[in-house]
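The values are calculated or read from the model by the stated rules, or taken from the named source; none is laboratory data. It should be emphasised that the depicted structure is a prediction, and the values quoted were computed from it without experimental measurement. Cβ sites come from the backbone with ideal geometry, for glycine too, and all protein chains shown count toward neighbours. Keep in mind that these areas ignore ligands, DNA and RNA; they rest on the heavy atoms of the full protein, side chains included. Shrake-Rupley method; radii C 1.70, N 1.55, O 1.52, S 1.80 Å.
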Amino acid sequence: MSITIFSARRILTMDPSLPEATHVAVQDGRVLGVGPLEELRDLGAFTLDERFADKVILPGFVEGHSHALEGAIWKYLYLGYFPRRDPDGRHWAGVSSLEQMQRRLAEAAARLPAGEPLVAWGFDPVYFDGVRLDKRALDAAVADRPVVVFHASLHVLSVNSAMLRLSGLDRHAGVEGIMLGEDGTPNGELQEMAAMHGVFEALGRNLFEEVSSVDALRAYGAVARRAGVTTITDLYNPLTDAGIEALREVAADDAYPVRLVPAMSALAWTAEQGIERLQACTAFSGERLHFGPVKLMTDGSIQGYTARLKWPGYHDGHPNGMWNAPPEALRRLVFDYHQAGLQLHIHTNGDEAVELMLDAIEEALTLWPRPDHRHTLQHCQFISQAQLRRAAKLGVCLNMFANHIYYWGDIHRRCTLGYARSRRLEPLASALRLGIPLAMHSDAPVTPLGPLFTAWCAVERRTASGAELGVPERLDVEQALRTITLGAAYTLRLDHLVGSLEVGKYADMAVLDSDPFSVPPGRLAEIGVAATVLGGRVHEN
């Protein structure tokens, strides 16, 4: 096979033995050599590619927690507080008031055929003091058709009276997650997955299963490419038959710009079914498709008040959150998947959820010792120092939601956690000091996919208002870059293949317009991504 050598102004390899270079040699999709050009000439005849001579090359970014829903959800109406860009590059303005949200809904409904349900997403009532998005607020905007609005966290949705009637949920008072109004009837707010099921049945589709689409996966890949991501994790995939076929189809396309890591949703199957299904899927793994992780949901989101917090609970006195399954059932699932030799990626936002899962992992390791299990707690937004020490002792990895500092840091200071506890939101530096394998993520589409922005959040720890939050937990630039490359790869059991530019690993690169070590840290998120390289194939932005 022919050899191509890419030149760059600087190459940051994330390889501690050879941390930087000016050239990288590629053959058959893998890194053949790294170093100065004169030291690579003995590899044989080569083609010198100088298109990136004035750029900076890093290993392709590894997104360890996002959702392929990013590629599907934009066909629905966006109602988020912050402005966003969709996969086609269209700019969507943010919604800054309940009245503005109602106008946008009414305008969108007017464009639809009569009676067709209206689905929207991204609204976050926590930004509007005293507002809960209930059926009355939605009825005031649109009353002549069913309306469904996903909250930004995707852990809560709100529906209008027409959808309550269509789904039959108006007759289900008392079911956990179906919230009630002062009159004792469902008020239109549905918390967590079980409560949403009736809405999906009424719509004739589960919105979380719309990732089972080739078009959605292609859009997902395009968003990843623009952000410099070359390995991306869909961390909540039902792995339906249609979903598996869609994954295989896009991964078989040599032009597809990313490697996909779908994580099977444990709560979508019995343990026996899930283990059998995932083990069967491993036969379909290849260079651009890696089956293996299992996603387990415990609690909800802190800003949505559905996360489980230990004493003293929510700062503003809100009732504690809820479990996505009974704690004993969650514990049993940890045992079953651990004993089967599979790797768990466990959603834990609140410290009570963290405690439950650390207890379960410790008991599982006692009963069935497994070296290098790499079970990973995801989000870990609120985890105590004692829990961090336990995680280190147990060999647990952490993948923290650093973007949360910016998007909801002010809310946590004021409403959910208060001053002292909000200081340890996403305690990244503490995790590294304890030697815990660490990654960071965006949770797209909850927040935009963009590892350089995620790195900026970890380095600056600034909220949307500009306030600093938990300065002692800041990372330096090198640490932040490592968590979005090799650190994330480690949590996925892919660090032997991606995450650094070393001989034998995939030739996956992010090509940047500026050097992350030369720009001021406050401008890290502004660095442009000129291109990605996947297995030596260039994908220009």
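Inside the stretch 454-470, can you point out the residues that are under 16 Å from H441 (Cα atoms) and in contact with a Ser or Thr (Cβ under 9 Å, 6 or more places away or on another chain)?
The answer is T454, A455, A458.
Could you please give the count of residues in the stretch 59-80 that are of a type outside the set (D, E, K, R) and touching a Ser or Thr at 6+ places or on another chain (Cβ under 7 Å)?
Taking the stretch 59-80 and keeping what is of a type outside the set (D, E, K, R), we get 59-62, 64-69, 71-74, 76-80.
Subset that is touching a Ser or Thr at 6+ places or on another chain (Cβ under 7 Å): 59-62, 64-66, 72.
Summing the residues that are of a type outside the set (D, E, K, R) and touching a Ser or Thr at 6+ places or on another chain (Cβ under 7 Å) in the stretch 59-80 gives 8.
Report, by residue number, each residue of the stretch 123-140 that is without any contact (Cβ under 8 Å) to a residue 60 or more places away in the chain and open to solvent by less than 20 Å² (accessible area, probe 1.4 Å). Break it down stepwise before answering.
Narrowing the stretch 123-140 to residues without any contact (Cβ under 8 Å) to a residue 60 or more places away in the chain: 123, 125, 128-140.
Passing the criteria: F123, P125, L133, A137, L138.
Please go through the stretch 457-473 and give me each residue that is more than 17 Å from L432 (Cα to Cα), open to solvent by 10 Å² or more (accessible area, probe 1.4 Å), in contact with a Lys or Arg (Cβ under 9 Å, 6 or more places away or on another chain) and not charged (D, E, K, R), ordered by number. Can you show your working first?
Let us first name the residues in the stretch 457-473 that are more than 17 Å from L432 (Cα to Cα), namely 462-469.
Now narrow it down to the ones that are open to solvent by 10 Å² or more (accessible area, probe 1.4 Å): 462, 464-468.
Still in the running and in contact with a Lys or Arg (Cβ under 9 Å, 6 or more places away or on another chain): 467-468.
Of everything in the stretch 457-473, just one residue is more than 17 Å from L432 (Cα to Cα), open to solvent by 10 Å² or more (accessible area, probe 1.4 Å), in contact with a Lys or Arg (Cβ under 9 Å, 6 or more places away or on another chain) and not charged (D, E, K, R), namely A467.
For the stretch 354-385, which residues satisfy the criterion of being touching a helix residue (DSSP H, G or I) at 6+ places or on another chain (Cβ under 9 Å), part of a helix (DSSP H, G or I) and not acidic (D, E)?
Matches in the stretch 354-385: V354, L356, M357, L358, A360, I361, A364, L365, L367, Q385.
What are the residues in the stretch 217-238 that are closer than 18 Å to M264 by Cα and buried (at least 24 other Cβ atoms within 10 Å of the Cβ), if any?
Applying the first criterion (closer than 18 Å to M264 by Cα) to the stretch 217-238 yields 217, 220, 231-238.
Residues satisfying the conditions are L217, Y220, T231, I232, T233, D234, L235, Y236, N237.
How many residues are in a strand (DSSP E or B) and either under 15 Å from V533 (Cβ atoms) or out of contact with any strand residue (DSSP E or B) (no Cβ under 8 Å at 6 or more places or on another chain) (or both) when one looks only at the stretch 1-20?
The first filter runs over the stretch 1-20 and keeps only residues in a strand (DSSP E or B), leaving 3-12, 20.
Next, from what is left, pick out any that are either under 15 Å from V533 (Cβ atoms) or out of contact with any strand residue (DSSP E or B) (no Cβ under 8 Å at 6 or more places or on another chain) (or both): 3-8, 11-12.
Of the residues in the stretch 1-20, 8 are in a strand (DSSP E or B) and either under 15 Å from V533 (Cβ atoms) or out of contact with any strand residue (DSSP E or B) (no Cβ under 8 Å at 6 or more places or on another chain) (or both).
In the stretch 486-497, how many are surrounded by fewer than 15 Cβ atoms within 10 Å (Cβ to Cβ) and hydrophobic (A, V, I, L, M, F, W, C)? Even if it seems obvious, please write down each step before you answer.
Within the stretch 486-497, the first condition is being surrounded by fewer than 15 Cβ atoms within 10 Å (Cβ to Cβ), and the residues that meet it are 496.
When the remaining residues are screened for being hydrophobic (A, V, I, L, M, F, W, C), the result is none.
Residues meeting the conditions: 0.
For the stretch 202-215, give me the residue count where each residue is open to solvent by 40 Å² or more (accessible area, probe 1.4 Å) and touching a Leu at 6+ places or on another chain (Cβ under 7 Å).
Number satisfying all stated conditions: 0.
Please indicate, with yes or no, whether at least one residue in the stretch 170-177 is buried (at least 22 other Cβ atoms within 10 Å of the Cβ) and out of contact with any Phe, Trp or Tyr (no Cβ under 8 Å at 6 or more places or on another chain). Even if it seems obvious, please write down each step before you answer.
So the first thing to find is which residues in the stretch 170-177 are buried (at least 22 other Cβ atoms within 10 Å of the Cβ), and the list is none.
No, the stretch 170-177 has no match at all.
Considering the stretch 362-397 alone, what residues qualify as being touching a Cys at 6+ places or on another chain (Cβ under 8 Å) and in contact (Cβ under 8 Å) with a residue 60 or more places away in the chain?
Across the stretch 362-397, the qualifying residues are R374, T376.
How many residues does the stretch 513-532 hold that are closer than 29 Å to L43 by Cα and either surrounded by 24 or more Cβ atoms within 10 Å (Cβ to Cβ) or free of Cβ contacts under 8 Å to residues at least 12 places away in the same chain (or both)?
1
In this structure, does L388 turn out to be in contact with a Pro (Cβ under 9 Å, 6 or more places away or on another chain), among the hydrophobic types (A, V, I, L, M, F, W, C) and part of a helix (DSSP H, G or I)? Please lay out each step first, then the result.
Details: in contact with a Pro (Cβ under 9 Å, 6 or more places away or on another chain): yes; among the hydrophobic types (A, V, I, L, M, F, W, C): yes; part of a helix (DSSP H, G or I): yes.
In short, yes.
Mind telling me which of the residues L296, L289 ends up being open to solvent by less than 30 Å² (accessible area, probe 1.4 Å), within 17 Å of A268 (Cβ to Cβ) and either of a type outside the set (D, E) or modelled with pLDDT under 95 (or both)?
Values: L289 fails: within 17 Å of A268 (Cβ to Cβ).
Residue meeting the stated conditions: L296.
Give just the number: which of (1) of a type outside the set (V, I, T); (2) touching a helix residue (DSSP H, G or I) at 6+ places or on another chain (Cβ under 7 Å); (3) open to solvent by 20 Å² or more (accessible area, probe 1.4 Å) does S500 not satisfy?
(3)
It is to be established whether one or more residues within the stretch 448-456 are more than 29 Å from L394 (Cα to Cα), open to solvent by 40 Å² or more (accessible area, probe 1.4 Å), at pLDDT below 95 and not β-branched (V, I, T).
no
Residues L260, L267: which one is open to solvent by less than 10 Å² (accessible area, probe 1.4 Å) and either modelled with pLDDT under 95 or hydrophobic (A, V, I, L, M, F, W, C) (or both)? Let's see the steps before the verdict.
Numbers: L267 fails: open to solvent by less than 10 Å² (accessible area, probe 1.4 Å).
Step by step, each of L260, L267 is checked, and only L260 is open to solvent by less than 10 Å² (accessible area, probe 1.4 Å) and either modelled with pLDDT under 95 or hydrophobic (A, V, I, L, M, F, W, C) (or both).
Looking at the stretch 71-92, which of its residues are over 19 Å from L105 (Cβ atoms), open to solvent by less than 90 Å² (accessible area, probe 1.4 Å), of a type outside the set (A, V, I, L, M, F, W, C) and part of a loop (DSSP other than H, G, I, E, B)? Write out each step before concluding.
So the first thing to find is which residues in the stretch 71-92 are over 19 Å from L105 (Cβ atoms), and the list is 71-72, 85, 87-89, 91.
Okay, now just the ones that are also open to solvent by less than 90 Å² (accessible area, probe 1.4 Å), so 71-72, 87, 89.
Adding the requirement that they be of a type outside the set (A, V, I, L, M, F, W, C) leaves 71, 87, 89.
Matches in the stretch 71-92: P87, G89.
Specify the residue that is farthest from A307 (Cα to Cα); the eligible residues are those in the stretch 188-201 that are open to solvent by 30 Å² or more (accessible area, probe 1.4 Å) and in contact (Cβ under 8 Å) with a residue 24 or more places away in the chain.
So the residue we want is E201.
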